[in-house]
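The values are calculated or read from the model by the stated rules, or taken from the named source; none is laboratory data. Fair warning: this is a prediction, and the values are worked out from it, not measured in the lab. Cβ placement follows ideal geometry from the backbone for every residue including glycine, while neighbour counts extend to all protein chains displayed. Note: areas computed on protein heavy atoms with side chains; ligands, DNA, RNA excluded. Shrake-Rupley method; radii C 1.70, N 1.55, O 1.52, S 1.80 Å.
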Amino acid sequence: MPENIGFVRDRISRAAAQCGRSVDSVTLIAVSKGQPATQIDAAARAGLRNFGESYLQEALEKMRAVSERDITWHFIGGLQANKTRSVAENFAWVHSVDRLRIAERLSAQRPYHAPPLNVCLQVNVGGELSKGGASPEDVPDLIAAIAKLTRLKLRGLMCLPPAEDDLDRQRHWFAQLRELFDSLNKSGAGLDTLSMGMSGDFEAAILEGATHVRVGTAIFGPRTNTIQSA
Ligand SMILES: *Cc1c(COP(=O)(O)O)cnc(C)c1O
């Protein structure tokens with residue numbers, strides 16, 4: 001797996017170089033859902049520091065197992081209201097905020113001794129019914145409302161677009177999110193994060209300005225642990 005991390009880092013460097021960006025402008029989040037804690041430990045030893053999880057219960061168990069490692073945890077999964085407290089208590093970032101009620105709960109439940117919780121608003125750029133995320137037309141009002149929540153630090157936008165094989169089609173979806181991001185920033189939103197790109201399409205995402213790529217299988221291989229409840 002250290003070898004896979006090297007391959008992924010090379011792909012990130014090449015994509016960044018291709019569009020004249022510094023490689024340091026892209027943060028690699030290792031998506032460890034469905035992987036045992038031993039794999040997280042090995043990836044941390046190989047130098048990774050940011051890890052993403054989608055299922056709360058599974059994440060909490062693994063966090064305990066690798067608690068001696070210096071890890072920044074990102075929650076990237078669908079979030080129900082009854083899970084927000086534990087997410088607010090245990091993660092540094094949430095990429096999958098998709099409605100105001102969830103943001104309000106995360107803000108109210110973020111512990112006072114912790115820094116504000118970093119959040120991204122997930123946007124459903126492809127309009128797919130099977131996927132979470134706010135509709136693009138609702139984004140400006142949601143951004144304005146979330147920005148007022150004192151225990152959150154609103155960082156930017158996230159998307160999980162339709163899967164495409166072709167680079168230009170991949171770029172098309174990521175460009176939608178970037179254009180929304182640029183227009184919000186023109187109105188003073190002050191966003192600094194575009195969380196987009198996974199194993200199959202992160203080069204396209206980097207070409208369109210991704211600051212955070214979320215990469216699972218290209219690092220860890222196929223997911224083995226299938227716990228997806230809670
Ligand atoms: C699973 C997942 C990923 C990683 O997907 P891979 O194809 O394994 O790289 C990234 N983002 C989200 C939101 C995910 O659920």
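Observations, loosely collected:
- Hey, E58 modelled with pLDDT of 95 or more, open to solvent by less than 20 Å² (accessible area, probe 1.4 Å), among the charged types (D, E, K, R) and within 21 Å of C159 (Cβ to Cβ) or not: no
- Among (1) touching a His at 6+ places or on another chain (Cβ under 6 Å); (2) in a helix (DSSP H, G or I), the one test that K83 misses: (1)
- Selection from the range 209-224 of residues that are open to solvent by 20 Å² or more (accessible area, probe 1.4 Å) and near the ligand (Cβ under 8 Å from one of its atoms): T217, A218, R223
So that you can scan it fast, the table gives a plain yes or no per residue for (1) modelled with pLDDT of 95 or more; (2) more than 15 Å from the ligand (Cβ to nearest atom); (3) open to solvent by less than 60 Å² (accessible area, probe 1.4 Å); (4) under 21 Å from A30 (Cα atoms):
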site	(1), (2), (3), (4)
A144	yes, yes, yes, no
R155	yes, yes, yes, yes
R178	yes, yes, no, no
M196	yes, no, yes, yes
A205	yes, no, yes, yes
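- Given (1) under 17 Å from G78 (Cα atoms); (2) outside any loop (DSSP other than H, G, I, E, B), index of the condition R171 fails: (1)
- The single condition from (1) closer than 24 Å to N185 by Cα; (2) in contact with a Pro (Cβ under 8 Å, 6 or more places away or on another chain); (3) at pLDDT below 95 that E128 fails is (1).
- Residue count for the range 135-165, restricted to those that are over 15 Å from the mean Cα position of the chain (by Cα) and not in a helix (DSSP H, G or I): 11
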